[in-house]
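The values are calculated or read from the model by the stated rules, or taken from the named source; none is laboratory data. What you see is a predicted model; the values in this text were computed from it and never measured. Note that we place each Cβ from the backbone using ideal geometry, even for glycine, and neighbour counts take in every protein chain shown.
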Amino acid sequence: MIHFVGAGPGAPDLITVRGQNLLGEADVIIYAGSLVNPQLLSLAKPGCEIHNSAEMTLEEVLQVMCRAEEAGRTTVRLHTGDPCLYGAIREQMDALDARGIPYDDCPGVSSFCGAASALNLEYTLPDVSQSVIITRMAGRTPVPEKEEIASLAAHQATMVVFLSTGMLEKLTERLLLGGYRADTPAAIVYKATWEDEKTFVCTVGTLAETAKKNGITKTALMIIGDVVSHSHYRRSELYNPRFTTGYREAKP
Ligand code: SAH
């Protein structure tokens, strides 16, 4: 059995209880060494075989999984954040399907949630934005043209941009083209929830300059939208005394 497990955004105590248990039971762990906190490996049982996938190809990862399966061993494939975002898990799962090897997926706290917590942000403020667009600039992995940042920016929803720290001038250009103002609030969160986490509140127009000034070149998320400044929003209806909900009567 292979368990895909979300390691969380960085702080080792942000893995789920289920993920922690799976790590402790695993005979083999393959972890994404570029971003998974190595402190999590201390949960491995003695004799556990550990591989760092940052130094491996997909074929090598599959080889380790298949060998473990043949020996009747349990494997944890540990991905950063939640495996469902930019985790390259589908290609592993399809290869396991082709070989008849069973697997499941244990969610994790994604770094976009860790970044919100670092700034005490609510991404979905009434009257400001009720949607979060998770996206990236095209890099070695292309982004479908219909998802071009400028066209997504036209929605003026909260945006969280992954995998793009080295392309901030271009990001700003695309955001402005899509209709954001240069003074739209933005933030850069570096290594959310790690001990060396850093947060910078800036604007769409100053993203590149802020990163450069502070030496931020990778492992960061960019958050765009008025929720960053939360200077105006409407209070929730859920907790409004004038409304009856399934759990509470309205108060006069
Ligand atoms: N599955 C992961 C994302 C993997 S893609 C998740 O759910 O978070 C890797 C990118 O995620 C990085 O380039 C960076 O943009 C972002 N990232 C991962 N961990 C981060 C962290 N702790 N703080 C800020 N950004 C992070």
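In the set (1) within 13 Å of the ligand (Cβ to nearest atom); (2) out of contact with any Ser or Thr (no Cβ under 9 Å at 6 or more places or on another chain); (3) hydrophobic (A, V, I, L, M, F, W, C); (4) farther than 26 Å from M56 by Cβ, the condition left unmet by I89 is number (4).
Taking the conditions exactly as written (surrounded by fewer than 19 Cβ atoms within 10 Å (Cβ to Cβ) and under 19 Å from L40 (Cβ atoms)), does N120 satisfy them or not? Considered against the rule, which asks whether it is surrounded by fewer than 19 Cβ atoms within 10 Å (Cβ to Cβ) and under 19 Å from L40 (Cβ atoms), N120 comes out as no. For the condition among the hydrophobic types (A, V, I, L, M, F, W, C), surrounded by 17 or more Cβ atoms within 10 Å (Cβ to Cβ), within 15 Å of the ligand (Cβ to nearest atom) and in contact (Cβ under 8 Å) with a residue 40 or more places away in the chain, L78 qualifies.
So how many residues does the range 232-252 have that are hydroxyl-bearing (S, T, Y) and without any contact (Cβ under 8 Å) to a residue 24 or more places away in the chain? Residues meeting the conditions: 4. Considering the range 161-187, and only residues there that are surrounded by fewer than 24 Cβ atoms within 10 Å (Cβ to Cβ) and part of a strand (DSSP E or B), the residue that is nearest to the chain's Cα centre (by Cα) turns out to be F162. On the phi > 0 side of the Ramachandran plot and within 14 Å of the ligand (Cβ to nearest atom): which single residue out of G33, G8, G47 fits that description? Only one candidate qualifies: G8.
Applying the criterion of being outside any loop (DSSP other than H, G, I, E, B) and among the β-branched types (V, I, T) to the residues of the range 208-252, the residue that is surrounded by the most Cβ atoms within 10 Å (Cβ to Cβ) is I224. When only residues in the range 188-203 that are under 15 Å from the mean Cα position of the chain (by Cα) and aliphatic (A, V, I, L, M) count, which is nearest to the ligand (Cβ to nearest atom)? This residue is A192. For the range 136-157, the set of residues classified as buried (at least 18 other Cβ atoms within 10 Å of the Cβ) and either basic (K, R) or under 17 Å from L85 (Cα atoms) (or both) consists of R136, M137, listed by residue number. In the range 96-121, the residues that are more than 13 Å from the ligand (Cβ to nearest atom) form Cβ pairs under 6 Å with partners that are of a type in the set (F, W, Y) and modelled with pLDDT of 95 or more, at six or more places apart or across chains, as follows: L96/Y103.
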